[in-house]
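The next block holds one structure in the form of structure tokens; read it before the comments.
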Amino acid sequence: MKEKISVVIPTLNEEKNLPYVLDTIPQYISETIVVDGHSKDKTVGIAKKYNAKILYDEEGKGSALIKGLKAAKGDIVIMMDADCSHRIEEFGLLIEGIKGGYDTCMGSRFIQGGGTADMSLLRKFGNKFFVFLVNLFWKMNYSDLCYGYRSFNRNAIKKLNLGSKEFAIETEISIKAAKNKLKVLEIPSFEKKRKSGEGKLKTFKHGREISKRIITELFRK
């Protein structure tokens with residue numbers, strides 16, 4: 001039996017980037033879900049032209065991803081960004097890892113074969129610091145944490161029981177994967193520069209959110 005594969009993409013005013021992303025989605029993908037944060041531009045109209053399933057969310061990236069992951073009907077679900085920073089060519093690694101028996105595959109910019117063209121020194125330092133804390137507290141061996149290119153099987157999504165509303169969502173996924181003893185595979189991923197517009201991530205604001213999430217999960221059973 002051939003696995004059905006869903007792709008979930010959160011969007012907010014990405015009309016200049018989304019066509020490039022959707023145009024490269026492989027034909028073997030069963031469904032593409034765009035979860036939009038009530039964009040003021042033509043993002044939703046573009047998604048409709050590509051026959052994507054449209055959902056709406058007003059709370060943030062994490063909330064949008066949670067909504068999309070829950071709605072996805074695929075046996076394998078891939079989450080990715082709408083800014084052209086992720087390489088479609090890496091779908092194969094994300095899919096084959098799940099087919100090979102892993103519960104979740106996480107793209108990493110910091111293992112051999114990975115890299116980034118869109119990360120400041122400050123963000124690299126922050127990411128490494130948070131990776132250190134998560135590895136220390138949950139006895140994992142992650143190399144990357146704050147990266148949104150990942151895949152899951154359906155059971156893993158249910159077990160994660162995610163709740164982050166904003167940019168701490170990736171950190172929560174990594175922590176809860178460890179807490180639930182999921183089989184995790186890191187795959188090399190190269191992060192390209194955003195094609196157009198400004199990124200939504202705010203280093204200090206979202207760094208505080210990630211810190212709060214780590215502390216919350218540390219004291220939660």
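The values are calculated or read from the model by the stated rules, or taken from the named source; none is laboratory data. Please read these numbers as outputs of a predicted model, since none were measured by experiment. Ideal geometry is used to build each Cβ from the backbone, glycine not excepted, and the neighbour counts take in all protein chains shown. Ligands, DNA and RNA are excluded from the accessible area calculation, which covers all protein heavy atoms including side chains. Shrake-Rupley method; radii C 1.70, N 1.55, O 1.52, S 1.80 Å.
Taking the conditions exactly as written (among the hydrophobic types (A, V, I, L, M, F, W, C) and either open to solvent by less than 30 Å² (accessible area, probe 1.4 Å) or without any contact (Cβ under 8 Å) to a residue 12 or more places away in the chain (or both)), does residue 184 satisfy them or not? No: the conditions fail for residue 184.
Scanning the range 126-165 for residues that are within 25 Å of residue 91 (Cβ to Cβ) and of a type in the set (Val, Ile, Thr), we see that the one that is most open to solvent (accessible area, probe 1.4 Å) is 157. Scanning the range 146-167 for residues that are modelled with pLDDT under 95 and aliphatic (A, V, I, L, M) yields a total of 0. Here residue 181 meets each of (1) more than 18 Å from residue 97 (Cα to Cα); (2) out of contact with any strand residue (DSSP E or B) (no Cβ under 9 Å at 6 or more places or on another chain) with one exception, condition (1). Close contacts from the range 126-148, counting a first residue that is farther than 21 Å from residue 61 by Cβ and a second that is aliphatic (A, V, I, L, M) and surrounded by fewer than 14 Cβ atoms within 10 Å (Cβ to Cβ), with Cβ to Cβ under 8 Å and a gap of 6+ residues or different chains, come to 137/218. Taking the criterion of being open to solvent by less than 40 Å² (accessible area, probe 1.4 Å) and free of Cβ contacts under 8 Å to residues at least 60 places away in the same chain, the residues of the range 1-23 that qualify are 19, 22.
Within the range 24-68, if we keep just the residues that are aliphatic (A, V, I, L, M), open to solvent by 10 Å² or more (accessible area, probe 1.4 Å) and in a helix (DSSP H, G or I), the residue that is nearest to residue 159 (Cα to Cα) turns out to be 66. What number of residues within the range 69-83 satisfy the criterion of being in a loop (DSSP other than H, G, I, E, B), closer than 20 Å to residue 102 by Cα and open to solvent by 10 Å² or more (accessible area, probe 1.4 Å)? Residues that pass the stated criteria total 2. The set of residues in the range 110-122 being out of contact with any Lys or Arg (no Cβ under 9 Å at 6 or more places or on another chain) and open to solvent by less than 60 Å² (accessible area, probe 1.4 Å) consists of 111, 113, 114, 120.
Examine the range 101-111 for a residue that is touching a Leu at 6+ places or on another chain (Cβ under 9 Å), in contact (Cβ under 8 Å) with a residue 12 or more places away in the chain and assigned to a helix (DSSP H, G or I), and state whether such a residue exists. The answer is no; no qualifying residue exists.
When residue 189 is tested against the conditions (1) surrounded by fewer than 16 Cβ atoms within 10 Å (Cβ to Cβ); (2) within 20 Å of residue 78 (Cα to Cα), the lone failure is (1). Filter the range 90-119 down to the residues that are aliphatic (A, V, I, L, M) and more than 15 Å from residue 7 (Cα to Cα) and list them by number. Passing the criteria: 111, 117, 119.
Using the structure shown, decide if residue 89 is open to solvent by 40 Å² or more (accessible area, probe 1.4 Å), touching a His at 6+ places or on another chain (Cβ under 8 Å) and not in a strand (DSSP E or B). It is false that residue 89 is open to solvent by 40 Å² or more (accessible area, probe 1.4 Å), touching a His at 6+ places or on another chain (Cβ under 8 Å) and not in a strand (DSSP E or B).
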